[in-house]
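S.K.: Before we start, here is the structure in question, set down as structure tokens.
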Amino acid sequence: MKLPHILCIAAITLLTACKNEEKSGGSQTTDADATTFADTTETANTTAPVKKPAIPIVKTASWHGKYSGVLPCGDCKGIFTLITVSGDNTYKLISKRVGKGEKEAVYDGTYHFDSAKNMITLDAEGDHLKFEVKDGMLIKRDKFGNPEQGGEEARYYLRPIK
């Protein structure tokens, strides 16, 4: 019998404390507080918070957009490359071997962004190509994410276009 009374007193105390904090200016809520609140919830049957799955929030990154350049090629003058990287984790890659008279190849798919390495990895449609996001451009990397070994790094830059 005492447990319901204790719970009621605790609830009233919390509500009163919250109202007093609002009147005195209290602390300001930050995005981190809102995220923590949104990601956890309490149920009536348990006292421990239950984690809800996080819903990914797509924010426009400064590196989303179009990039182009001519990448090195072993048997041609270069590979013209145009890639559009979108905020919904999709891309469109257009490439054409310069001086070969071939049609351009167009690839559409999804990518994964590794924020720890600032690395974009295209899906199988894009042959798992990797690009490092650095200094406002994309830099082509090898399949392990390391710098390409075919010459100076500047040859692997894809610069932003409008």
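Read-outs throughout are calculated quantities, based only on the coordinates presented, and are distinct from any laboratory measurement. These numbers come from a predicted model, not from an experiment.
S.K.: Amide H neighbours of LEU129 under 5 Å, at least 5 residues apart or on other chains, H built in the peptide plane: list them.
M.R.: Here the answer is LEU122, since their amide H atoms fall under 5 Å of that of LEU129.
S.K.: Pairs to check: LYS130/LYS162; LYS66/LYS140; LYS77/LYS117; LYS96/LYS117; LYS66/LYS143. Give those whose C-alpha atoms are more than 25 Å from each other in this structure.
M.R.: Long pairs (Cα-Cα over 25 Å): LYS77/LYS117; LYS96/LYS117.
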